[in-house]
Amino acid sequence: MQLLLDSGSGGRASQRLIADIFVRHFDNAILRRMDDAAVLPLHGPAVMSTDGYTVTPLEFPGGNIGTLAVHGTVNDVSMMGARPLYLSCAFILEEGLELELLDRIAASMGEAARRAGVHIVTGDTKVVPRGTCDKMFITTAGLGELIAEPAPSGSLARPGDAVLISGSMGDHGLTVMARREKLSFMSDVASDSAPLNHMVEKLIREVGEIHVLRDPTRGGLATTLNEIAEQSRVSCLVEECAVPVHENVRSGCSLLGIDPLYLANEGKLICILPKERAEKALDVMKNDEFGREAALIGEIVPAEDGRPRVTLRTRMGGTRLLSMLEGAPLPRIC
(Lines give C-alpha, C1' and ligand atoms only; values in the text may rest on other atoms or scores of the structure.)
Protein backbone atom coordinates (compact mmCIF):
# COMPACT_ATOMS: atom_id res chain seq x y z
CA MET A 1 0.00 0.00 0.00
CA GLN A 2 1.08 3.54 -0.73
CA LEU A 3 0.52 6.81 1.11
CA LEU A 4 -2.21 9.03 -0.34
CA LEU A 5 -2.58 12.80 -0.09
CA ASP A 6 -5.65 12.52 2.10
CA SER A 7 -3.46 11.00 4.84
CA GLY A 8 -2.25 14.56 5.44
CA SER A 9 -5.66 16.22 5.30
CA GLY A 10 -6.30 16.26 9.05
CA GLY A 11 -9.36 14.05 8.66
CA ARG A 12 -10.09 10.37 9.18
CA ALA A 13 -7.22 9.22 6.97
CA SER A 14 -4.78 11.33 8.98
CA GLN A 15 -6.09 9.93 12.23
CA ARG A 16 -5.72 6.37 10.95
CA LEU A 17 -2.12 7.02 9.83
CA ILE A 18 -1.18 8.53 13.20
CA ALA A 19 -2.86 5.79 15.22
CA ASP A 20 -1.80 2.83 13.10
CA ILE A 21 1.85 3.81 12.74
CA PHE A 22 3.11 6.62 14.97
CA VAL A 23 1.15 6.12 18.18
CA ARG A 24 1.55 2.36 17.89
CA HIS A 25 5.34 2.57 17.71
CA PHE A 26 5.98 5.65 19.88
CA ASP A 27 3.38 4.90 22.54
CA ASN A 28 3.76 6.53 25.97
CA ALA A 29 1.44 8.18 28.49
CA ILE A 30 2.16 11.75 27.35
CA LEU A 31 1.74 11.05 23.63
CA ARG A 32 -1.41 9.05 24.27
CA ARG A 33 -3.22 12.20 25.41
CA MET A 34 -3.14 13.37 21.75
CA ASP A 35 -3.14 17.07 22.64
CA ASP A 36 -1.67 19.76 20.39
CA ALA A 37 1.33 20.06 22.71
CA ALA A 38 2.86 18.13 25.58
CA VAL A 39 3.02 19.17 29.23
CA LEU A 40 6.45 18.11 30.48
CA PRO A 41 7.75 17.94 34.05
CA LEU A 42 11.24 19.47 34.25
CA HIS A 43 13.39 20.34 37.23
CA GLY A 44 16.05 23.00 36.85
CA PRO A 45 17.76 24.33 33.69
CA ALA A 46 16.73 22.72 30.40
CA VAL A 47 18.70 22.06 27.21
CA MET A 48 16.97 22.02 23.82
CA SER A 49 18.13 21.11 20.32
CA THR A 50 16.47 20.72 16.95
CA ASP A 51 17.61 19.13 13.69
CA GLY A 52 16.28 18.08 10.28
CA TYR A 53 17.07 14.77 8.57
CA THR A 54 16.99 14.35 4.79
CA VAL A 55 19.35 11.40 4.26
CA THR A 56 19.25 9.36 1.09
CA PRO A 57 18.89 6.42 0.91
CA LEU A 58 16.34 6.19 3.70
CA GLU A 59 17.74 2.85 4.89
CA PHE A 60 21.40 1.82 5.07
CA PRO A 61 23.50 -0.78 6.94
CA GLY A 62 23.47 0.13 10.62
CA GLY A 63 20.35 2.31 10.60
CA ASN A 64 17.85 4.43 8.72
CA ILE A 65 16.55 8.00 8.66
CA GLY A 66 14.41 7.30 11.74
CA THR A 67 17.12 5.93 14.01
CA LEU A 68 19.40 8.71 12.77
CA ALA A 69 16.83 11.32 13.79
CA VAL A 70 16.50 9.89 17.30
CA HIS A 71 20.21 9.33 17.86
CA GLY A 72 21.27 12.66 16.35
CA THR A 73 18.98 14.74 18.54
CA VAL A 74 19.63 12.69 21.68
CA ASN A 75 23.36 13.16 21.13
CA ASP A 76 23.10 16.91 20.48
CA VAL A 77 21.31 17.42 23.80
CA SER A 78 23.82 15.15 25.56
CA MET A 79 26.82 17.10 24.25
CA MET A 80 25.67 20.04 26.35
CA GLY A 81 25.96 17.95 29.52
CA ALA A 82 22.23 17.23 29.71
CA ARG A 83 20.11 14.14 30.22
CA PRO A 84 17.75 13.95 27.18
CA LEU A 85 14.18 13.15 28.19
CA TYR A 86 11.72 14.11 25.44
CA LEU A 87 11.60 14.35 21.66
CA SER A 88 9.16 15.91 19.25
CA CYS A 89 9.03 14.56 15.74
CA ALA A 90 7.63 16.08 12.52
CA PHE A 91 7.34 14.11 9.27
CA ILE A 92 7.07 15.47 5.74
CA LEU A 93 6.03 12.51 3.59
CA GLU A 94 5.72 12.25 -0.17
CA GLU A 95 2.55 10.94 -1.75
CA GLY A 96 3.16 7.39 -2.95
CA LEU A 97 5.54 6.44 -0.13
CA GLU A 98 5.23 2.76 0.68
CA LEU A 99 3.39 2.39 3.99
CA GLU A 100 5.43 -0.71 4.80
CA LEU A 101 8.61 1.39 4.62
CA LEU A 102 7.10 4.12 6.82
CA ASP A 103 5.98 1.51 9.36
CA ARG A 104 9.43 -0.06 9.41
CA ILE A 105 11.14 3.29 10.00
CA ALA A 106 8.66 4.32 12.70
CA ALA A 107 9.15 0.97 14.46
CA SER A 108 12.92 1.43 14.51
CA MET A 109 12.50 4.99 15.80
CA GLY A 110 10.36 3.77 18.66
CA GLU A 111 12.94 1.13 19.55
CA ALA A 112 15.79 3.68 19.32
CA ALA A 113 13.93 6.04 21.67
CA ARG A 114 13.29 3.27 24.19
CA ARG A 115 16.94 2.21 24.09
CA ALA A 116 18.03 5.81 24.71
CA GLY A 117 15.48 6.19 27.51
CA VAL A 118 13.60 9.08 25.90
CA HIS A 119 9.93 9.59 25.00
CA ILE A 120 8.58 10.91 21.70
CA VAL A 121 5.80 13.05 23.15
CA THR A 122 4.45 15.21 20.33
CA GLY A 123 4.75 15.61 16.58
CA ASP A 124 3.21 16.47 13.24
CA THR A 125 2.64 14.80 9.88
CA LYS A 126 2.33 16.43 6.47
CA VAL A 127 1.81 14.66 3.14
CA VAL A 128 2.95 16.53 0.02
CA PRO A 129 2.34 15.78 -3.69
CA ARG A 130 4.65 13.49 -5.62
CA GLY A 131 7.90 15.16 -6.63
CA THR A 132 7.85 17.89 -3.97
CA CYS A 133 10.10 16.06 -1.48
CA ASP A 134 12.36 13.01 -1.61
CA LYS A 135 10.07 10.39 0.02
CA MET A 136 10.56 11.42 3.66
CA PHE A 137 12.03 14.27 5.71
CA ILE A 138 12.07 14.19 9.52
CA THR A 139 12.58 17.06 11.93
CA THR A 140 13.15 16.31 15.60
CA ALA A 141 13.57 18.51 18.64
CA GLY A 142 14.99 17.26 21.91
CA LEU A 143 14.58 18.51 25.48
CA GLY A 144 16.65 17.49 28.46
CA GLU A 145 17.70 18.46 31.97
CA LEU A 146 21.16 19.94 32.52
CA ILE A 147 23.23 17.69 34.77
CA ALA A 148 26.75 19.12 34.26
CA GLU A 149 27.95 22.22 36.07
CA PRO A 150 29.23 24.08 34.20
CA ALA A 151 27.83 22.85 30.89
CA PRO A 152 30.49 21.71 28.39
CA SER A 153 31.00 24.18 25.56
CA GLY A 154 33.10 24.51 22.45
CA SER A 155 34.48 27.72 23.94
CA LEU A 156 36.00 26.04 27.02
CA ALA A 157 38.98 24.12 25.55
CA ARG A 158 42.23 25.16 27.28
CA PRO A 159 45.93 24.64 26.46
CA GLY A 160 47.11 21.45 28.14
CA ASP A 161 43.76 19.69 27.71
CA ALA A 162 43.67 16.17 26.30
CA VAL A 163 41.59 15.39 23.21
CA LEU A 164 39.77 12.04 23.28
CA ILE A 165 37.42 10.37 20.82
CA SER A 166 35.08 7.51 21.65
CA GLY A 167 35.85 5.34 18.63
CA SER A 168 36.62 4.92 14.94
CA MET A 169 36.07 7.68 12.40
CA GLY A 170 34.21 7.74 9.09
CA ASP A 171 31.90 4.71 9.32
CA HIS A 172 28.61 6.54 8.78
CA GLY A 173 29.68 8.83 5.94
CA LEU A 174 31.28 6.04 3.92
CA THR A 175 28.33 3.69 4.52
CA VAL A 176 25.77 6.17 3.20
CA MET A 177 27.92 6.99 0.21
CA ALA A 178 28.49 3.31 -0.60
CA ARG A 179 24.78 2.50 -0.43
CA ARG A 180 23.73 5.59 -2.39
CA GLU A 181 26.25 4.99 -5.17
CA LYS A 182 25.69 1.21 -5.12
CA LEU A 183 29.38 0.48 -4.47
CA SER A 184 29.14 -3.29 -4.03
CA PHE A 185 32.83 -3.64 -3.13
CA MET A 186 32.11 -1.77 0.13
CA SER A 187 29.32 -4.02 1.37
CA ASP A 188 31.08 -4.64 4.69
CA VAL A 189 30.81 -1.08 6.04
CA ALA A 190 28.03 -0.05 8.44
CA SER A 191 26.90 3.19 10.06
CA ASP A 192 27.96 3.86 13.65
CA SER A 193 24.63 5.55 14.47
CA ALA A 194 24.04 5.16 18.23
CA PRO A 195 22.77 7.02 21.31
CA LEU A 196 25.61 8.42 23.41
CA ASN A 197 23.60 9.83 26.32
CA HIS A 198 24.31 6.98 28.73
CA MET A 199 28.06 7.25 28.08
CA VAL A 200 27.95 11.02 28.57
CA GLU A 201 26.12 10.69 31.87
CA LYS A 202 28.76 8.26 33.13
CA LEU A 203 31.50 10.69 32.08
CA ILE A 204 29.85 13.57 33.92
CA ARG A 205 29.19 11.52 37.03
CA GLU A 206 32.51 9.66 37.26
CA VAL A 207 35.05 11.99 35.65
CA GLY A 208 33.73 15.38 36.66
CA GLU A 209 35.37 18.34 34.94
CA ILE A 210 34.83 18.13 31.18
CA HIS A 211 35.48 21.20 29.08
CA VAL A 212 34.07 20.18 25.67
CA LEU A 213 31.78 17.45 24.36
CA ARG A 214 30.93 17.38 20.67
CA ASP A 215 29.75 14.78 18.17
CA PRO A 216 31.72 15.03 14.90
CA THR A 217 28.86 14.69 12.40
CA ARG A 218 28.89 16.67 9.13
CA GLY A 219 32.45 17.61 8.22
CA GLY A 220 33.84 14.88 10.45
CA LEU A 221 36.58 15.06 13.05
CA ALA A 222 38.70 17.63 11.22
CA THR A 223 35.91 20.18 10.78
CA THR A 224 34.58 19.74 14.32
CA LEU A 225 38.03 20.25 15.86
CA ASN A 226 38.41 23.41 13.78
CA GLU A 227 35.08 24.69 15.10
CA ILE A 228 36.19 24.06 18.68
CA ALA A 229 39.59 25.68 18.09
CA GLU A 230 37.95 28.81 16.71
CA GLN A 231 35.40 28.99 19.53
CA SER A 232 38.08 28.61 22.22
CA ARG A 233 40.82 30.59 20.39
CA VAL A 234 43.29 27.72 20.79
CA SER A 235 45.04 25.23 18.50
CA CYS A 236 44.85 21.45 18.45
CA LEU A 237 47.60 18.94 17.72
CA VAL A 238 46.35 15.52 16.56
CA GLU A 239 48.41 12.34 16.22
CA GLU A 240 47.35 10.56 13.03
CA CYS A 241 48.53 7.17 14.27
CA ALA A 242 46.31 7.51 17.37
CA VAL A 243 43.06 8.10 15.45
CA PRO A 244 41.16 4.78 15.10
CA VAL A 245 39.82 4.08 11.60
CA HIS A 246 38.44 0.67 10.68
CA GLU A 247 40.48 -1.04 7.98
CA ASN A 248 37.50 -1.40 5.63
CA VAL A 249 36.84 2.34 5.95
CA ARG A 250 40.51 3.17 5.44
CA SER A 251 40.75 1.02 2.29
CA GLY A 252 37.45 2.35 0.93
CA CYS A 253 38.55 5.93 1.46
CA SER A 254 41.88 5.17 -0.21
CA LEU A 255 40.13 3.80 -3.30
CA LEU A 256 37.79 6.81 -3.50
CA GLY A 257 40.36 9.49 -2.63
CA ILE A 258 38.51 10.54 0.54
CA ASP A 259 40.02 11.49 3.90
CA PRO A 260 38.16 9.63 6.68
CA LEU A 261 38.82 12.55 9.05
CA TYR A 262 36.28 14.57 7.04
CA LEU A 263 33.57 11.90 6.97
CA ALA A 264 30.47 12.11 9.16
CA ASN A 265 30.07 10.06 12.33
CA GLU A 266 26.71 9.50 14.04
CA GLY A 267 27.71 7.52 17.11
CA LYS A 268 31.00 9.03 18.24
CA LEU A 269 31.98 11.94 20.47
CA ILE A 270 34.95 14.20 21.09
CA CYS A 271 35.79 14.79 24.75
CA ILE A 272 38.24 17.55 25.73
CA LEU A 273 39.21 17.74 29.38
CA PRO A 274 42.19 18.33 31.71
CA LYS A 275 45.01 15.92 30.92
CA GLU A 276 45.02 14.45 34.43
CA ARG A 277 41.42 13.25 33.94
CA ALA A 278 42.02 11.64 30.54
CA GLU A 279 42.84 8.14 31.81
CA LYS A 280 39.65 7.95 33.87
CA ALA A 281 37.57 9.24 30.96
CA LEU A 282 39.06 6.63 28.63
CA ASP A 283 38.25 3.92 31.15
CA VAL A 284 34.63 5.07 31.34
CA MET A 285 34.27 5.17 27.55
CA LYS A 286 35.90 1.79 26.96
CA ASN A 287 33.50 0.20 29.43
CA ASP A 288 30.51 1.50 27.44
CA GLU A 289 29.20 -0.53 24.49
CA PHE A 290 29.67 2.45 22.16
CA GLY A 291 33.16 3.40 23.35
CA ARG A 292 35.22 0.21 23.08
CA GLU A 293 37.70 1.85 20.69
CA ALA A 294 38.08 5.13 22.58
CA ALA A 295 41.48 6.78 22.22
CA LEU A 296 43.54 9.78 23.25
CA ILE A 297 44.37 11.42 19.92
CA GLY A 298 45.99 14.73 20.78
CA GLU A 299 46.14 17.84 22.91
CA ILE A 300 45.09 21.46 23.00
CA VAL A 301 47.96 23.94 22.59
CA PRO A 302 48.17 27.76 22.52
CA ALA A 303 47.26 29.41 19.23
CA GLU A 304 50.42 30.85 17.70
CA ASP A 305 50.00 34.48 16.65
CA GLY A 306 46.44 34.24 17.94
CA ARG A 307 45.42 32.13 14.91
CA PRO A 308 43.58 28.91 15.90
CA ARG A 309 44.46 25.89 13.78
CA VAL A 310 44.31 22.11 13.81
CA THR A 311 47.58 20.34 12.98
CA LEU A 312 47.97 16.64 12.19
CA ARG A 313 51.25 14.92 13.02
CA THR A 314 51.39 12.31 10.27
CA ARG A 315 52.47 8.68 10.47
CA MET A 316 55.69 9.70 8.69
CA GLY A 317 56.56 12.22 11.41
CA GLY A 318 55.73 15.36 9.45
CA THR A 319 52.85 17.76 10.05
CA ARG A 320 50.03 19.16 7.95
CA LEU A 321 47.16 21.49 8.61
CA LEU A 322 43.69 20.01 8.94
CA SER A 323 41.49 22.80 7.62
CA MET A 324 37.72 23.00 7.81
CA LEU A 325 35.79 21.11 5.14
CA GLU A 326 35.27 23.09 1.93
CA GLY A 327 32.30 22.25 -0.28
CA ALA A 328 29.95 19.30 0.08
CA PRO A 329 31.63 16.07 -1.12
CA LEU A 330 29.01 13.93 0.64
CA PRO A 331 25.57 15.57 0.49
CA ARG A 332 22.52 14.17 2.28
CA ILE A 333 24.35 12.09 4.91
CA CYS A 334 22.00 13.06 7.74
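Just a few scattered comments:
- Under a 5 Å amide H cut-off, with hydrogens placed 1.01 Å from N, Arg214 pairs with Ile270 among residues at least 5 apart or on other chains.
- Surface/4 estimate of mean projected area, convex hull on alpha-carbon atoms of the range 2-101, nm²: 7.7
- Think of each Lys and Arg Cβ as +1 and each Asp and Glu Cβ as -1; about the Cα centre, that makes the dipole of the chain roughly 60 debye.
- Scanning the chain for long hydrophobic helices, with DSSP H runs required to stretch 15 angstrom or more by C-alpha along their axis and to average at least 0.0 on the Kyte-Doolittle scale, returns 65-78, 99-116.
- Note on the chain: with a GNM built from Cα contacts shorter than 10 Å, the maximum mean-square fluctuation among Pro216, Pro84, Pro308 falls on Pro308.
- Dipole size of the range 258-320 about its Cα centre, with +1 on Lys/Arg Cβ and -1 on Asp/Glu Cβ: approximately 220 debye, rounded to the nearest 20.
- In the full protein context, the range 1-146 carries 46 Å² of accessible surface per residue, based on a 1.4 Å probe and ignoring ligands, DNA and RNA.
- The residues of the range 196-334 present an accessible area of 47 Å² per residue when probed at 1.4 Å with all protein chains retained.
- Counting only protein heavy atoms and using a 1.4 Å probe, the accessible area of His43 comes to about 140 Å².
- Under the simplified labelling scheme, the Arg250-Ala37 pair shows an inter-label distance of 5.2 nm, with each label point 7 Å from Cα along Cα→Cβ.
- In the range 106-165, taking the dipole from charged Cβ atoms about the Cα centre, the farthest positive-side position among Ile165, Ala107, Gly117 is held by Ala107.
- Using bins of 20 Å that start at zero, the share of Cα-Cα pairs per bin across the chain amounts to 31, 55, 14, 0, in whole %.
- Ordered by solvent-accessible area of protein heavy atoms (1.4 Å probe), largest first, the residues Tyr86, Tyr262, Tyr53 come out as Tyr262, Tyr86, Tyr53.
- Cβ-based net charge around Glu230, under 11 Å, with every Lys or Arg adding one and every Asp or Glu removing one: +2
- Here the gap between Ala46 and Ser14, fully extended at 0.36 nm per residue and compared with their Cα-Cα distance, gives a gain of 8.3 nm.
- Counting only Cα atoms, the range 176-334 measures 45, 39, 29 Å along its principal axes, largest extent leading.
- Carbon + sulfur, % of accessible area of the range 153-270 - ligands and nucleic acids excluded, 1.4 Å: 49
- Solvent exposure ordering (accessible area, 1.4 Å, most first) of Phe185, Phe60, Phe137: Phe185, Phe137, Phe60
- R0 of 45 Å, Cβ-Cβ distance Glu293-Glu100: FRET efficiency to nearest 0.05: 0.80
- Cβ-defined net charge surrounding Val301, 14 Å radius [Lys, Arg +1; Asp, Glu -1]: +1
- Here, P(r) means the percent of Cα pairs in each 5 Å bin from 0 to the largest distance; for the range 97-215 it is 2, 7, 12, 15, 17, 17, 12, 9, 6, 2, 1, 0.
- Inter-centroid distance (Cα atoms) of the range 206-222 relative to the range 38-98, Å: 19
- Relative contact order (%) - criterion: Cα under 8 Å, at least six apart; region: the range 189-334: 39
- One Cα centroid belongs to the range 1-24, the other to the range 114-193; the line between them spans 27 Å.
- Charge tally around Gly291: other residues with Cβ under 12 Å, Lys/Arg +1 each, Asp/Glu -1 each, net -1.
The values are calculated or read from the model by the stated rules, or taken from the named source; none is laboratory data. Keep in mind that what you see is a predicted model, and the values were worked out from it rather than measured. Here Cβ is always computed from backbone atoms with ideal geometry, including for glycine, and neighbour counts include all displayed protein chains. Accessible surface areas use protein heavy atoms only, side chains included; no ligands, DNA or RNA. Shrake-Rupley method; radii C 1.70, N 1.55, O 1.52, S 1.80 Å.
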